[in-house]
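J.: Let me begin by handing over the structure; questions about it come next.
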Amino acid sequence: MKTAIYARVSTHNGQDPEMQLRELRDYCQRRGWQVADEYIDAGISGAKDSRPELNRLVADAHKRLFDVVVVWRLDRFARSVSHLLRALETFGSLGIEFVSLSEQVDTSTPAGKMVFTVLGAVAELERSLIAERVRAGLRNARARGKRLGRPRKAAPAKAIAQLRSQGATWRAIAAKLGVCPATAYKASKRCLENPAAQPPVAR
């Protein structure tokens, strides 16, 4: 099997990527895997989704230049569970296996597939909890009488009437006043029906 080795060290931990690479090379040799390429992000924070060598690895994965990706540890590769799952889903769709040496995760084995399933369940729970917190926050804001959504904008009927008299279209009027065409039309119509009324406000 052709193997892609990925290693990363950040700017502040004083590590040398060679330590990771030596163990990864030995592992591949023991399994009889051929190292197709090595991808090394040195001095790159793990908090970033986008890293030069990681981006190159993903691009080469789409070219099917290797059959398996091997990393020293999960936190050297992914910044979060969701980031890891997205990468594993991409590799899975391309028929590429994934191995993390320290955690003994190998998606080519039944045990590795089980770990992947558990990680997926954890990520789904995390997304559900975040969504529920957002909904709870919105309900609390409404209960306190807070108006949600974009700030309302006034649609000045007088300016609309003047622009219409000059032959401007509803779309052009809306663009000039920073409202949608429907808002401009309704403001003009309401003013004609009730000249004494104040110009309405709308989103």
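J.: Of all residues being hydroxyl-bearing (Ser, Thr, Tyr) and either in a strand (DSSP E or B) or in contact (Cβ under 8 Å) with a residue 60 or more places away in the chain (or both) in segment 20-75, which is nearest to SER93 (Cα to Cα)? Just the residue, please. First the steps, then the outcome.
T.: Restricting attention to segment 20-75, the residues satisfying the condition of being hydroxyl-bearing (Ser, Thr, Tyr) are 27, 39, 45, 50.
Right, trim to either in a strand (DSSP E or B) or in contact (Cβ under 8 Å) with a residue 60 or more places away in the chain (or both) and you get 27, 39.
Numbers: TYR27: 25, TYR39: 21 Å.
Here the residue is TYR39.
J.: For the list (1) within 24 Å of the chain's Cα centre (by Cα); (2) within 20 Å of ALA61 (Cα to Cα); (3) aliphatic (A, V, I, L, M), I need the number of the one condition that VAL118 fails.
T.: (2)
J.: Before we move on, is VAL71 surrounded by 16 or more Cβ atoms within 10 Å (Cβ to Cβ) and closer than 27 Å to VAL118 by Cα? Reasoning before the result, please.
T.: Values: surrounded by 16 or more Cβ atoms within 10 Å (Cβ to Cβ): yes; closer than 27 Å to VAL118 by Cα: yes.
Yes.
Yes/no per residue for (1) exposed (fewer than 12 other Cβ atoms within 10 Å of the Cβ); (2) within 39 Å of the chain's Cα centre (by Cα); (3) part of a helix (DSSP H, G or I); (4) modelled with pLDDT of 75 or more:
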{"site": "ALA123", "(1), (2), (3), (4)": "no, yes, yes, no"}
{"site": "ARG127", "(1), (2), (3), (4)": "yes, yes, yes, no"}
{"site": "VAL134", "(1), (2), (3), (4)": "yes, yes, yes, yes"}
{"site": "ALA141", "(1), (2), (3), (4)": "no, yes, yes, yes"}
{"site": "ARG150", "(1), (2), (3), (4)": "yes, yes, no, no"}
{"site": "GLY167", "(1), (2), (3), (4)": "yes, no, no, yes"}
{"site": "ARG171", "(1), (2), (3), (4)": "yes, yes, yes, yes"}
{"site": "ALA175", "(1), (2), (3), (4)": "no, yes, yes, yes"}
{"site": "LYS189", "(1), (2), (3), (4)": "no, no, yes, no"}
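J.: Restricting to segment 86-115, give me the number of residues that are under 19 Å from ASP26 (Cα atoms), within 22 Å of the chain's Cα centre (by Cα) and assigned to a loop (DSSP other than H, G, I, E, B).
T.: Final tally of qualifying residues: 0.
The values are calculated or read from the model by the stated rules, or taken from the named source; none is laboratory data. As the structure is a computational prediction, the values presented were derived from the model and not from experiment. Virtual Cβ from ideal backbone geometry, glycine too; neighbours counted across all protein chains shown.
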